[in-house]
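Scroll down for the structure; my scribbles are underneath it.
The values are calculated or read from the model by the stated rules, or taken from the named source; none is laboratory data. Treat the numbers as computed from the prediction; the structure is a model and nothing was measured. Cβ atoms come from the backbone with ideal geometry, glycine included; neighbour counts cover every protein chain shown. Protein only, heavy atoms only, side chains kept; ligands, DNA and RNA dropped before computing areas. Shrake-Rupley method; radii C 1.70, N 1.55, O 1.52, S 1.80 Å.
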Amino acid sequence: MSTKSHSIVMLRRNFKHIARNPTSVFNAVLMPIVIMLMFVYMFGDAFNVGVDYIDYATPGLMLLAVCYGLGSTATAVNSDMTKGIINRFKVMHVSRGAVLTGHVIASVLTNLVAIAALVGVAFLLGFDPSASLLDWLGAIGVIVLLGFAAGWLTVALGLFAKSPETAGLASVPLVMLPFFSSAIVPADKMGPGLREFAEYQPFTPIIETLRGLLNGAPSAGDAIPALAWCVGIALVGYLWARSTFTKRA
Amino acid sequence: MTSSAIAVSGLRKAYKDKVVLDGIDLDVPAGTIFSLLGPNGAGKTTTVNVLTTLVKADAGTVRVAGHDVATQAKAVRAAIGVTGQFAAVDELLTGQENLRLMVDLSPVPARDGKRVVTELLERFDLVESAQKPVSTYSGGMRRKLDLAMTLVGNPRIIFLDEPTTGLDPRSRRTMWSIIRDLVADGVTIFLTTQYLEEADQLADRIAVLDQGRLVAQGTPDDLKRQIPGTHVRLRFTTVAELDAAARVLGDSTRDDEALALRIPSDGGTRSLRALLDRLDEYAISAEGLSVQTPDLDDVFLALTGRTTEVAAK
Ligand SMILES: Nc1ncnc2c1ncn2[C@@H]1O[C@H](COP(=O)(O)OP(=O)(O)OP(=O)(O)O)[C@@H](O)[C@H]1O
Ligand SMILES: [Mg+2]
């Protein structure tokens, strides 16, 4: 049977998992919304960011929503690995591509659901983007690209980790990273050290690109490093996942 | 050598500087059951992993179904079925969906899928729980489902890594009879186990693995000839009694530390009565009596001079 139909079988399996284990999706969808409510209502007035705080924070929170979905991907991949399910597939000659892309695509789709819910709540809170249809499409493109890149890296982490618990733990830095970027507070409002870190870490250009697109003023200066980071992360994740899949038994 | 289902020579494997398999040679004729017997950490799973293309050997040649595992992995995979040491079932799917997944990933034509799934559910007595998620299954049911999943596509060579570890005696017997049925259909079985009894019950040939080396290989009878057979163990309360018993019973081995005497016996009532009569005759009484059949520990003690506990280190 071809790789393509195996991919569909695998994807169907991943969807069944999501449908039967809704707590993980619930977590991925709900947590970003809770964090948004917290920041907007508790700290919103404390930060002077020049625009409405909700307009400032939403793009960053979209990125946070991508990251929150990763924990469940890492755990799912790892339990396939440690429970011997991946070995079973390998012995049946199911391709690496089919097994792993199933997880990546499921992860990206979870991200999209979480972001749709988040943006919906943001609108209720007065989010007022000035993006054109094209800008929106660009924003969705950036999110899918990031979800894809982070998804591959997470799949690699999941394959590599010793247990589902460590896999979940290994994804925590990815979940924390947006807090140390310009997602919630502008980098120039941070203390020394942290500010430099926030300026140069991968999420900052990605968030600024999203922010630009949603404000209807995309900037190539942010978009190029953002794309480069995404491609780089995807490549590292993909290669790492590939070699771990082949080697580990 | 066309009748060899599995032929291994000079197989070596090390993880970093820890040698796990240190030159394994074995040959399994098609249609037979071969059992690899060894304690924890002997290298059983590693052997299975190499033979099933999951792990690359450092040296040696391995041919399964006539194909080289290193260069013709795809052809090997098409011929084999593997049930790993821990049930590799999808907890979130139902039993039926797990089997369906295997059908969809195997070369079984889609139109036969339903029939194959139903037949396997019936054969493994899983019809009642077919619609329940596997997370609600007992250990024995999981093991059965695991094996049923392996059988999708009718593999001609099946690897079973400790298929009965953790099963209760009844489930163990069920598993044994399933394995015997498979061989009756002409399937070749490569089985690992920690239980001498299991190897004895099922296997045509047994190899004993110790720290990555085969320390014995042969039919169950060959092997049993090399190890102490069934024996009676008598325990005494004083050294004087032990001395007296050892004198009158002749062919026996004493264990001074435990104040015990080991007497070869077939364990039958007639020979036991004769033994008791003889003790009575000399007015010797033992504190306890037990009939012991040899286990893996005895095999190891006899073959390596060490017990399995030492071997595991
Ligand atoms: N991936 C690995 N990396 C390092 N060492 C390993 C690896 N896999 C196995 N080993 C080591 O190889 C030895 C043999 O392991 P193996 O799993 O083959 O034993 P086993 O006979 O199957 O034991 P058990 O009865 O416990 O399943 C052990 O000492 C183990 O620690
Ligand atoms: Mg093992």
Of B:T94, B:T47, B:T71, the one that fluctuates the most in a GNM where chain B has Cα springs shorter than 10 Å: B:T71
Prolate/oblate/rounded call for the stretch B:248-297, Cα gyration tensor, a/c under 1.5 rounded: oblate
Chain B: relative contact order as a whole-number percent, Cα under 8 Å and 6+ apart: 20
Cα-based reach from A:K16 at 17 Å (exclusive), listing lysines while leaving out same-chain residues under 8 positions away: B:K132
Chain B - share of DSSP beta bridges that are antiparallel (%, nearest 5): 65
Spatial extent of the stretch B:89-176: Rg and Dmax, with the Cα atoms as the point set, Å: 12.6, 38
For the stretch A:3-248: relative contact order, % (alpha-carbon pairs under 8 angstrom, 6 or more apart): 27
Equivalent ellipsoid semi-axes, the stretch A:3-248, via Cα gyration tensor eigenvalues times 5, rooted, Å: 33, 18, 17
Cβ neighbours within 10 Å from other chains - mean over B:87-97: 4
Pairs beyond 20 Å (Cα-Cα), from B:K74/B:K114; A:K162/B:K144; B:K16/B:K74; A:K83/B:K13; A:K247/B:K56; B:K13/B:K56: B:K74/B:K114; A:K162/B:K144; B:K16/B:K74; A:K83/B:K13
Mean accessible surface per residue for chain A, computed with a 1.4 Å probe while every protein chain stays in place, in Å²: 44
Most fluctuating residue given options B:P163, B:P133, B:P220, as computed from a GNM of chain B linking Cα atoms under 10 Å: B:P133
Dipole axis of chain B (+1 Lys, Arg; -1 Asp, Glu on Cβ), positive-most option in B:L160, B:L303, B:A130: B:A130
Given charges at beta-carbon only (K, R positive; D, E negative), |dipole| of the stretch A:3-248 in Debye: 1760
For chain A, calculated [θ]222 nm from helices alone, where every DSSP H run of n ≥ 4 adds -39500 (n - 2.57): -25000 deg cm²/dmol
Shielding of A:90-97 by partner chains, average beta-carbon count, 10 Å: 6
Cα principal axis extents for the stretch A:104-249, largest first, Å: 51, 36, 28
Directionally averaged projected area (convex hull, Cα atoms, the stretch B:64-118), nm²: 4.9
Overall dimensions of chain B as given by Cα atoms, namely Rg and Dmax in Å: 23.3, 77
Helix runs (DSSP H) in chain A reaching 20 Å along axis by Cα, Kyte-Doolittle at least 0.5: A:22-38, A:53-68, A:96-124, A:133-160, A:220-247
Top positive-direction residue, dipole computed over the protein assembly as shown with Cβ charges, set B:I33, B:W176, A:L125: B:I33
Where B meets A: accessible area buried, both sides, 1.4 Å probe, Å²: 2200
Chain B: calculated mean residue ellipticity at 222 nm from DSSP helix runs of at least 4, using -39500 (n - 2.57): -11500 deg cm²/dmol
Alpha-carbon spread of the stretch A:61-116, three principal axes, descending order, Å: 41, 18, 12
Among B:A207, B:A283, B:A245: highest mean-square fluctuation, GNM of chain B, C-alpha pairs under 10 Å: B:A283
Other-chain or far-sequence residues with amide H under 5 Å of B:I206's (modelled H): B:S35, B:G218, B:T219
Fraction of antiparallel bridges per DSSP, the protein assembly as shown only, in percent to nearest 5: 65
The stretch B:5-111, accessible area per residue, ligands and nucleic acids excluded (1.4 Å, Å²): 39
Within the accessible area of the stretch A:3-248 (1.4 Å probe), percent carbon and sulfur: 71
Alpha-carbon spread of the protein assembly as shown, three principal axes, descending order, Å: 107, 57, 47
